[in-house]
1. Can you run phi through the Karplus equation (6.51, -1.76, 1.60; θ = phi - 60°) for the range 36-50 and list ³J(HN,Hα) in whole Hz, with x for Gly and Pro?
2. Sort the following peptides by mean Cβ neighbour count (other Cβ atoms within 10 Å, averaged over residues), highest first: 20-29, 39-48.
3. Determine the gain in length on full extension of the stretch E25-E52; use 0.36 nm per residue of separation and subtract their C-alpha separation, reporting nm with one decimal.
Amino acid sequence: MAEQRWDGRFIEGYAEENIKKNLAELVKINVSIDEAKRELKARSKGLRVFSECYDIFSDLWIKRQA
């Protein structure tokens, strides 16, 4: 969220990077890389919805301040 980038490519890359960083933890909890990718992809759908609402809110706020 700090990056303020919401496109699918960025989110997938970010997820991939974090899966690799936390591979040892995935092994400990017996979760495969494919499972982790599926789970993160499913959970990241909410980020896209949030980003659309956030964009609309930001536009309205800026117009109101003008």
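1. 4, 4, 4, 5, 5, 5, 5, 6, 6, 4, x, 5, 5, 4, 4
2. Descending packing order for the listed peptides: 39-48, 20-29.
3. Length difference between fully extended and current span is 6.5 nm.
None of the figures in this text is laboratory data; all of them are computed from the coordinates on show. In this text the structure is predicted, and so the values were computed from the model without any measurement. Note: ideal-geometry Cβ built from the backbone for every residue, glycine included; neighbour counts use all protein chains shown.
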